[in-house]
Amino acid sequence: MSETTPDLVPRPGALRRRPGHAQFSDGMVIAADAGSTGVADLLACELGAATGWHVEKAGPDAGSTHGVVRLQVAGRSSGAAGGSAPFPDPAGENYRLVADENGVKITAPTAAGVFYGTRTLRQLMPADLLRRAPSSSRSSVEVEAVEIEDGPRFGWRGMGLDVARHFFPKEFILKLIDLASFHKLNVLHLHLTDDQGWRVQVDRYPLLTEVGAWRRESPAGHYSEHRKDATPHGGFYSKADLAEICAYAARHFVNILPEIDMPGHMQAAIASYPELGNTGEKLEVFTDWGISDHVLNLEPATVKFCGDVLDEVTDIFPGRLVHVGGDECPTTEWEASPRARELMGRLGLSEARQLQGWFTAQVSEVLSSRGRQLVGWNEVLEAGAPAGAVVMAWQEHEAWDAAKQAAQLGHDVVMAPEAWCYFDWSYSDDPREPLAIRPAISVEKAYSLEPMPADLGDGLARHVTGAQCQLWTEYVTTTTHAEYMYFPRACALAEVGWSSKERDWPDFERRLASHMARLAALGVAYRPLSGPLPGQSRIWSQKC
Ligand code: TNX
């Protein structure tokens, strides 16, 4: 801890130090009102596990000589938090934390705010209390007296994981939810399908996972080397797995955003059901990286297939938003297809690209009829995005213009510009870095993202809902490698999304240096600021 500010990540809004401290010991009490009981249960489990103490849960008026953490939902938030709102309401995520001789008191307008107060409290405690069992015996813990008023700048603070290129076990997703929420991130976007694999159980189409979840082999080394590893890869999440993930996420105030990428990036589905394709050719699940030319055909039966899949997806995932991709969809097969050309004629379209706009409108209707809202990558704008669609702006050069254009058209936007947010890029061009798709996004670069596009017209800033990092996993095959790519860059993104606009890199770097002890206690295979450890450099070559 520094002289002036405890090393919190992300940086809180206002923090005042006070003399003295709060003290806790075996028998401590978490005194929660009715709105905070879920958060109290979680905090009691976490602190009880880390200390080995009996941590008692009690009603709001309880006292204790062993220290009390008081949790209270109080005050009004300015918007409709949770429920049917598409985005978490940043005003509802505010909290106030006071630590003094009487203990710690956290008040917030919603349970989410109380939860974020408890994440700060965990950072105010020694890092070893982040462990899942005691690492030393302690008779007491002190929290320095402090008064914090805090709340997010943006409602959307996201983390994306591509589980299609490489499958990651359910336990890893649960760990990511812990880590995201510890950093006050509140969206976990799962890229569940792609050319190289289909990862979600769909009862009406069992071959999607019997066939589409497995590929014969993958590229070895960088894809430009044209080598293959001759090793099958695959896996998928059952509906029960996904229900567990959603429930766990809800407990941690994380919204799961499922993505079923269409009408491109669909080769795994076409390999499962060849009638979905344009050529009738029997394809296998794609064994290359990059973009497959094989995309969905636009027959009524295929549109129905997409609707059926989205029906089951909306049964599994409770959130209002469903991502349908829409990125990188080659139109070569449609141009060569008499059936697609005939459809263009019927619809009065002059370019094949417009077929994608027509397709997106069809799936948007399915989602609307289920009370859901469509999210798409910024390419959906090119062909005309349906009203109400949320746009995720990613392309290096186009992202900022796409964001402006989307906002002008009344779309909400999430900023995920690749040169700051694509954590599949390496950290540096140091040859010790594990193989990555591209160089390089340093922690400092990730920290420098300003999500609000410059020169956004008057009144449009409200459409910019926040920022998100993405981990594409063509080159990331293990959970330790994934953790390395995320951390500590995700800490920087968390601060970009949560904290005020000002950036102070030396201050962040200093806080991050202490924060690493927390990541270590949480068992994260983070990248040290000084560069990769010897084993980390070799993460990739193990596969070659
Ligand atoms: C672009 S971002 C993609 C992904 C790749 C990624 C690699 C986006 C919408 N599409 O399919 O995995 O680049 O960095």
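The values are calculated or read from the model by the stated rules, or taken from the named source; none is laboratory data. This is a predicted model, so every value here is computed, not measured. All Cβ positions, glycine included, derive from the backbone under ideal geometry; neighbour counts span all protein chains shown. Accessible surface areas use protein heavy atoms only, side chains included; no ligands, DNA or RNA. Shrake-Rupley method; radii C 1.70, N 1.55, O 1.52, S 1.80 Å.
Some points to look at:
- Helix-only CD estimate at 222 nm, as mean residue ellipticity for the chain, using -39500 (n - 2.57) per DSSP H run (n ≥ 4): -9500 deg cm²/dmol
- Karplus-derived 3J(HN,Hα), 6.51/-1.76/1.60, for each residue of the stretch 338-352, Hz, glycine and proline x: x, 5, 5, 5, 4, 4, 4, x, 4, 8, x, 9, 9, 10, 4
- Which listed pairs, of Lys184/Lys404; Lys304/Lys445; Lys105/Lys404; Lys228/Lys282; Lys228/Lys304, have C-alpha distances above 32 Å, in listed order: Lys304/Lys445; Lys105/Lys404; Lys228/Lys304
- Estimated dipole of the stretch 14-150 in Debye, rounded to 20 [Cβ of Lys and Arg +1, of Asp and Glu -1, Cα centre]: 160 debye
- The 3J(HN,Hα) values that the Karplus relation (6.51, -1.76, 1.60; θ = phi - 60°) gives for the stretch 151-158 are, in residue order, x, x, 6, 10, x, 10, 10, x Hz. Gly and Pro appear as x.
- Summarising the amide proton neighbourhood of Ile30: residues at separation of 5 or more, or on other chains, whose placed amide H is nearer than 5 Å comprise Glu56, Lys57, Ala58, Val69.
- Amide proton proximity set for Val200, modelled H, under 5 Å, gap of 5+: Tyr237
- Mean accessible surface per residue for the stretch 14-150, computed with a 1.4 Å probe while every protein chain stays in place, in Å²: 42 Å²
- Under-5 Å amide H pairs with His189, H placed in peptide plane, nonlocal only: Met159, Gly160, Leu161, Leu257
- Rounded to the nearest 20 debye, the dipole size of the chain about its Cα centre is 1160 debye, using +1 on the Cβ of Lys and Arg and -1 on the Cβ of Asp and Glu.
- Listed residues Glu244, Glu450 arranged by accessible area, highest first, probe 1.4 Å: Glu244, Glu450
- Degrees separating the helix 489-498 axis from the principal Cα axis of the chain, which is the longest one: 80 degrees
- Estimated at the nearest 10 Å², the accessible area of Phe24 is 0 Å² with a 1.4 Å probe.
- Accessible-area composition of the stretch 14-150, carbon plus sulfur, in percent [1.4 Å probe]: 48 percent
- Charge-dipole axis of the chain as Lys and Arg at +1 and Asp and Glu at -1 on Cβ define it, positive-most pick from Ser426, Met516, Ala213: Met516
- Helix 505-521 and the longest principal axis of the C-alpha atoms of the chain enclose an angle of approximately 90°.
- Within the straight-line cut-off of under 16 Å between alpha carbons, the lysines reachable from Lys239 are Lys170, sequence neighbours fewer than 8 places apart in one chain being disregarded.
- Shown in residue order for the stretch 228-238 are the 3J(HN,Hα) couplings computed by the Karplus curve 6.51 cos²θ - 1.76 cosθ + 1.60 at θ = phi - 60°: 10, 9, 6, 10, x, 9, x, x, 7, 9, 6 Hz (x for Gly and Pro).
- Using the 1.4 Å probe convention, the accessible area of the stretch 329-375 works out to 49 Å² per residue with neighbouring protein chains retained.
- Degrees between helix 300-316 axis and first principal axis of the chain (Cα, 0 to 90, nearest 10): 10 degrees
- Distance from the alpha carbon centroid of the stretch 149-198 to that of the stretch 380-399 works out to 21 angstrom.
- For the chain, with +1 on Lys and Arg beta carbons and -1 on Asp and Glu, the positive-most of Trp334, Pro126, Ser140 along the dipole: Ser140
- The chain: antiparallel DSSP beta bridges as a percent of all, rounded to 5: 35 percent
- Mean separation of Cα contacts under 8 Å, 6 or more apart, over the residue count of the stretch 156-511: relative contact order %: 17 percent
- Under the convention that each Lys and Arg Cβ holds +1 and each Asp and Glu Cβ holds -1, the size of the dipole of the stretch 320-453 around its Cα centre is about 660 debye.
- Carbon plus sulfur fraction of accessible area for the stretch 156-511, probe 1.4 Å, in percent: 53 percent
- Counting only protein heavy atoms and using a 1.4 Å probe, the accessible area of Arg216 comes to about 130 Å².
- Dimensions of the chain based on its C-alpha atoms, expressed as ranges along the principal axes with the largest first, amount to 79, 50, 45 Å.
- Dipole of the stretch 156-511 computed with +1 at Lys/Arg Cβ and -1 at Asp/Glu Cβ about the Cα centre; of Pro451, Tyr223, Ile291, farthest Cα towards the positive end is Pro451.
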